[in-house]
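S.K.: Starting off with a structure, shown below.
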Amino acid sequence: MNIKKNYVIIVNKKGKEIGKVEKLRAHQEGRLHRAFSVFIFNKKGELLLQKRAQGKYHSGGLWSNTCCSHPQPGLDIKNEAEKRLKEEMGIKTGLREVFSFIYKARVGKLIEYEFDHVFFGRFDGQPQIDKEEVEDWRWIPLDKLEKDIRKNPKRYTFWLKKIIKKNGYQFKALLKARQG
């Protein structure tokens, strides 16, 4: 199992920090913890997806949003999201938090129970991926992504499916407002 020993922030259902615990333990016990998901769009409104590396401790080989992770205790979540985006995808761009939500899912022998902060950003180049984290990448229009998720749900991470199903319309409205 390829996992660094680090900590996640344990929160209550309102997002208030109540402690910290080792990352793997949080996922084994199903503890609600803070996470972030980054969605990068290009000028055409396409979403940059990443295919998680096979060696990830869960959901390896599945397509997901541009990047995601957990902020370290005591550090700013937006800065942590921007740092992780640079590490995984080689992208340096400003992000803005758009919404947050809670989800819970079993992924193999682990439990993802996350208070997820969703960030949007813009980038129009070619990512420089970290092969230990990311196996592949592609740009995709949201309509095409929604159709492929319905047709091939097992190809995608649980949280991406949840975000797109619940908020796909919101993405389109936000993108349209930013372009118009």
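The values are calculated or read from the model by the stated rules, or taken from the named source; none is laboratory data. None of the values given here were measured: they were computed from a predicted structure. For neighbour counting, all protein chains shown are included, and Cβ atoms are generated from backbone atoms with ideal geometry for every residue, glycine included.
S.K.: Would you mind telling me which numbered condition in (1) over 22 Å from residue 139 (Cβ atoms); (2) outside any loop (DSSP other than H, G, I, E, B); (3) in contact with a helix residue (DSSP H, G or I) (Cβ under 6 Å, 6 or more places away or on another chain) residue 19 fails?
M.R.: Failed condition: (3).
S.K.: Let me ask you something else. Looking at (1) within 22 Å of residue 152 (Cα to Cα); (2) assigned to a loop (DSSP other than H, G, I, E, B), which one does residue 44 not meet, given that it meets all the others?
M.R.: Here residue 44 meets the rest and fails (1).
S.K.: Can you tell me which of 28, 50, 54 is in contact (Cβ under 8 Å) with a residue 60 or more places away in the chain, of a type in the set (S, T, N, Q), closer than 24 Å to residue 136 by Cβ and not in a loop (DSSP other than H, G, I, E, B)? Break it down stepwise before answering.
M.R.: Values: 28 fails: closer than 24 Å to residue 136 by Cβ; 54 fails: not in a loop (DSSP other than H, G, I, E, B).
Exactly one residue qualifies, and that residue is 50.
S.K.: Among the listed residues 34, 106, 96, identify the single one that is surrounded by fewer than 15 Cβ atoms within 10 Å (Cβ to Cβ), in contact (Cβ under 8 Å) with a residue 24 or more places away in the chain and in a strand (DSSP E or B). Spell out the reasoning first.
M.R.: Numbers: 34 fails: surrounded by fewer than 15 Cβ atoms within 10 Å (Cβ to Cβ); 106 fails: in contact (Cβ under 8 Å) with a residue 24 or more places away in the chain.
96 is the lone residue from the list that is surrounded by fewer than 15 Cβ atoms within 10 Å (Cβ to Cβ), in contact (Cβ under 8 Å) with a residue 24 or more places away in the chain and in a strand (DSSP E or B).
S.K.: So, one more: May I ask you to list the residues in the range 61-93 that are of a type in the set (Gly, Ala, Ser) and in contact (Cβ under 8 Å) with a residue 60 or more places away in the chain? Explain how you work it out, then say what you get.
M.R.: Of the residues in the range 61-93, the ones of a type in the set (Gly, Ala, Ser) are 61, 64, 69, 74, 81, 90.
Of everything in the range 61-93, those that are of a type in the set (Gly, Ala, Ser) and in contact (Cβ under 8 Å) with a residue 60 or more places away in the chain turn out to be 61, 64.
S.K.: Test residue 159 against the criterion of being under 15 Å from the mean Cα position of the chain (by Cα), surrounded by 12 or more Cβ atoms within 10 Å (Cβ to Cβ) and assigned to a helix (DSSP H, G or I), and give yes or no. Walk me through it before giving the result.
M.R.: Details: under 15 Å from the mean Cα position of the chain (by Cα): yes; surrounded by 12 or more Cβ atoms within 10 Å (Cβ to Cβ): yes; assigned to a helix (DSSP H, G or I): yes.
For residue 159, the condition - under 15 Å from the mean Cα position of the chain (by Cα), surrounded by 12 or more Cβ atoms within 10 Å (Cβ to Cβ) and assigned to a helix (DSSP H, G or I) - is met.
S.K.: Would you point out the residue of the range 135-156, among those that are loosely packed, with under 14 Cβ neighbours inside 10 Å and not charged (D, E, K, R), that is farthest from the chain's Cα centre (by Cα)?
M.R.: Filtering first and then ranking leaves 152.
S.K.: Let me ask another. What number of residues in the range 91-132 are hydroxyl-bearing (Ser, Thr, Tyr) and at pLDDT below 95?
M.R.: Let us first name the residues in the range 91-132 that are hydroxyl-bearing (Ser, Thr, Tyr), namely 93, 100, 103, 113.
Narrowing further to those that are at pLDDT below 95: 100, 103.
Residues flagged as hydroxyl-bearing (Ser, Thr, Tyr) and at pLDDT below 95 within the range 91-132 amount to 2.
S.K.: Do we find that residue 78 is among the charged types (D, E, K, R), at pLDDT 95 or above and part of a loop (DSSP other than H, G, I, E, B) in this structure? First the steps, then the outcome.
M.R.: Working: among the charged types (D, E, K, R): yes; at pLDDT 95 or above: yes; part of a loop (DSSP other than H, G, I, E, B): no.
For residue 78, the condition - among the charged types (D, E, K, R), at pLDDT 95 or above and part of a loop (DSSP other than H, G, I, E, B) - is not met.
S.K.: Here's another thing I want to ask about it. Considering 42, 79, 65, 12, which residue is surrounded by fewer than 17 Cβ atoms within 10 Å (Cβ to Cβ), closer than 28 Å to residue 122 by Cβ and touching a Leu at 6+ places or on another chain (Cβ under 8 Å)? Step through it out loud before you land on a result.
M.R.: Numbers: 79 fails: touching a Leu at 6+ places or on another chain (Cβ under 8 Å); 65 fails: surrounded by fewer than 17 Cβ atoms within 10 Å (Cβ to Cβ); 12 fails: closer than 28 Å to residue 122 by Cβ.
The unique qualifying residue is 42.
S.K.: Does at least one position in the range 111-122 carry a residue that is among the small types (Gly, Ala, Ser) and under 12 Å from the mean Cα position of the chain (by Cα)? I'd like the intermediate steps shown before the answer.
M.R.: The initial filter retains those residues of the range 111-122 that are among the small types (Gly, Ala, Ser), namely 121.
If we keep only those that are under 12 Å from the mean Cα position of the chain (by Cα) too, we end up with none.
No, because not a single residue in the range 111-122 is among the small types (Gly, Ala, Ser) and under 12 Å from the mean Cα position of the chain (by Cα).
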